[in-house]
Amino acid sequence: MGAKAMYVVVLAGGSGTRLWPRSRSETPKHLLNLLRTDVSMLQETVGRMLPVVAPEDVYVVTNARHVDAVREQLPEVPPENVLAEPIGRNSGPAVGYAAAHIHKRDPQGVMLVLPADHVILKKEDFRAVARTGARAAEHGHLVTLGITPTSPDIGYGYMETGEEIQTIDGYAVRAVVRFTEKPDLETATRYVESGRYVWNSGMFMWQASTILEEMRQYMPGLFDALSALEPVLGTPAEAAEIGRVWPELEDRSIDYGVLEQSHKVVTLPVDIGWSDVGDWAALAEFSPRDEDGNSLLGDAMAFGCRDSLVYSSGRLITAIGLEDMIVVDTGDAVLVCPKSRAQEVRKVVDRLKAEQRREQL
């Protein structure tokens with residue numbers, strides 16, 4: 001079996017609500033340089049794969065209002081490879097849209113699906129994993145990259161692994177028995193102690209033809225919409241047709257829509273220094289820290305503080321005597337909360353939406 005071409009599909013539709021007030025609807029997390037001053041998270045995601053794939057083999061699926069910003073940040077990627085969704089419909093339709101484009105170009109092409117805003121510290125290991133995952137995908141598998149848990153984290157989805165199906169390049173390819181979305185602490189602790197569970201990283205590999213066939217079975221409404229789109233893909237009529245069919249699609253993740261039902265799902269348990277940097281506490285883990293464990297980002301000072309994050313995007317912010325706290329200032333909004341409650345920042349965004357305070361969203 002000859003090696004199939006690999007295509008990178010970056011999902012850049014998320015809003016990063018738990019990183020409010022820095023992440024906003026017009027400047028979502030993936031467009032920000034949160035961890036490095038020189039590149040955004042989107043640029044980092046694409047850049048780590050360019051040693052493996054050519055820029056013309058990279059596709060980015062994003063909201064129509066962010067298309068110009070994405071193209072500006074990724075000048076090496078052909079502008080027509082930035083696929084615009086008129087309205088967000090979760091990862092299922094986004095994956096399907098990219099799969100339809102790739103299938104029209106190369107039906108047997110392997111897609112590496114990546115969220116735009118994750119951190120991967122072990123870049124060489126990740127590229128090796130991608131090559132291995134591509135080989136597994138050529139066998140007709142839907143490959144999920146599973147992260148070996150380091151703690152009973154309740155912010156991640158879990159996958160129970162089953163028998164080893166094959167070994168490729170020294171990596172064990174295992175069957176996935178079931179998915180569990182963000183369990184409670186007691187359950188997560190039991191999962192981690194069992195040694196049978198991995199975190200669902202949200203990174204996937206499969207052939208375009210395989211995922212479309214599974215969508216035909218498990219997401220028939222989406223498959224029909226993509227089939228109707230196929231004749232106009234890559235033509236001037238594409239935008240109008242997308243605008244017509246997208247609002248009618250079901251808002252559904254690829255996990256719920258396909259993976260939790262398909263019998264073709266396997267996982268590749270990997271150690272690649274991964275985090276989804278889902279909230280400010282996670283960001284602190286990947287930021288430089290002083291001798292007291294504080295992350296001071298921007299014009300920030302700390303006195304007698306321990307294990308706290310102080311973030312300023314402009315004016316001077318000072319903190320005294322804080323422990324395990326988060327302080328974020330963006331000029332028009334301030335967030336203060338314990339690290340242990342960083343996941344609850346989405347409650348702020350929900351309240352702002354309910355009160356229609358668009359200037360803070």
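Limited to region 132-154, what total is found for residues that are surrounded by fewer than 16 Cβ atoms within 10 Å (Cβ to Cβ), touching a residue at least 40 places away in the same chain (Cβ under 8 Å) and under 23 Å from residue 48 (Cβ atoms)?
Count: 1.
Take the residues in region 1-25 that are crowded, with 22+ Cβ neighbours inside 10 Å and hydroxyl-bearing (Ser, Thr, Tyr); name whichever of them is modelled with the lowest pLDDT.
Within region 1-25, the match that is modelled with the lowest pLDDT is 17.
Any chance region 316-332 includes a residue that's modelled with pLDDT under 95 and touching a helix residue (DSSP H, G or I) at 6+ places or on another chain (Cβ under 8 Å)?
There is at least one residue in region 316-332 that is modelled with pLDDT under 95 and touching a helix residue (DSSP H, G or I) at 6+ places or on another chain (Cβ under 8 Å).
Suppose we filter region 70-91 for residues that are touching a residue at least 40 places away in the same chain (Cβ under 8 Å) and of a type outside the set (Asp, Glu); how many remain?
9
From the list 189, 210, 132, 144, pick out the single residue that is more than 18 Å from the chain's Cα centre (by Cα), under 16 Å from residue 271 (Cβ atoms) and among the β-branched types (Val, Ile, Thr).
132
For region 55-75, check the following and say yes or no: at least one residue is among the acidic types (Asp, Glu), over 30 Å from residue 328 (Cβ atoms) and buried (at least 17 other Cβ atoms within 10 Å of the Cβ).
Looking through region 55-75, at least one residue is among the acidic types (Asp, Glu), over 30 Å from residue 328 (Cβ atoms) and buried (at least 17 other Cβ atoms within 10 Å of the Cβ).
How many of the residues in region 298-349 are within 14 Å of residue 19 (Cβ to Cβ), within 25 Å of the chain's Cα centre (by Cα) and among the small types (Gly, Ala, Ser)?
Here the count works out to 2.
Could you figure out which of (1) within 19 Å of residue 10 (Cα to Cα); (2) at pLDDT below 95 isn't true of residue 93?
It is condition (2) that residue 93 fails.
Each row is one residue, and each column tells you yes or no for (1) buried (at least 18 other Cβ atoms within 10 Å of the Cβ); (2) touching a residue at least 60 places away in the same chain (Cβ under 8 Å).
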| residue | (1), (2) |
| --- | --- |
| 195 | no, no |
| 227 | no, no |
| 233 | yes, yes |
| 251 | no, yes |
| 257 | yes, yes |
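Here's the yes/no breakdown for (1) modelled with pLDDT of 95 or more; (2) closer than 30 Å to residue 136 by Cβ:
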| site | (1), (2) |
| --- | --- |
| 221 | yes, yes |
| 274 | no, yes |
| 292 | yes, no |
| 300 | yes, no |
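Conditions first: (1) surrounded by fewer than 19 Cβ atoms within 10 Å (Cβ to Cβ); (2) in contact with an Asp or Glu (Cβ under 8 Å, 6 or more places away or on another chain). Residue 347 passes all but one, so which condition is the exception?
Result: residue 347 passes all but (2).
Taking only region 289-315 into account, find how many residues are in contact with a helix residue (DSSP H, G or I) (Cβ under 9 Å, 6 or more places away or on another chain), in a loop (DSSP other than H, G, I, E, B) and among the hydroxyl-bearing types (Ser, Thr, Tyr).
1
How many residues does region 26-49 hold that are in contact with a strand residue (DSSP E or B) (Cβ under 9 Å, 6 or more places away or on another chain), in a loop (DSSP other than H, G, I, E, B) and at pLDDT 90 or above?
Counting residues in region 26-49 that are in contact with a strand residue (DSSP E or B) (Cβ under 9 Å, 6 or more places away or on another chain), in a loop (DSSP other than H, G, I, E, B) and at pLDDT 90 or above gives 3.
Name the single residue, out of those in region 26-54 being among the aliphatic types (A, V, I, L, M) and touching a residue at least 60 places away in the same chain (Cβ under 8 Å), that is surrounded by the most Cβ atoms within 10 Å (Cβ to Cβ).
The qualifying residue surrounded by the most Cβ atoms within 10 Å (Cβ to Cβ) is 42.
With respect to residue 257, determine if the residue is more than 30 Å from residue 90 (Cα to Cα) and either in a helix (DSSP H, G or I) or not assigned by TED's automatic domain parsing to the domain that holds residue 24 (or both).
no
Please verify whether residue 107 is part of a loop (DSSP other than H, G, I, E, B) and either free of Cβ contacts under 8 Å to residues at least 12 places away in the same chain or crowded, with 17+ Cβ neighbours inside 10 Å (or both), treating the condition exactly as stated.
Against the criterion (part of a loop (DSSP other than H, G, I, E, B) and either free of Cβ contacts under 8 Å to residues at least 12 places away in the same chain or crowded, with 17+ Cβ neighbours inside 10 Å (or both)), residue 107 does not qualify.
Can you work out which of the residues in region 263-274 that are buried (at least 17 other Cβ atoms within 10 Å of the Cβ) and not β-branched (Val, Ile, Thr) is farthest from the chain's Cα centre (by Cα)?
If we take residues in region 263-274 being buried (at least 17 other Cβ atoms within 10 Å of the Cβ) and not β-branched (Val, Ile, Thr), then 264 is farthest from the chain's Cα centre (by Cα).
The values are calculated or read from the model by the stated rules, or taken from the named source; none is laboratory data. In this text, all values refer to a predicted model and were calculated from it rather than measured experimentally. Cβ coordinates were reconstructed from backbone atoms using ideal geometry, including for glycine residues, and neighbour counts include every protein chain displayed.
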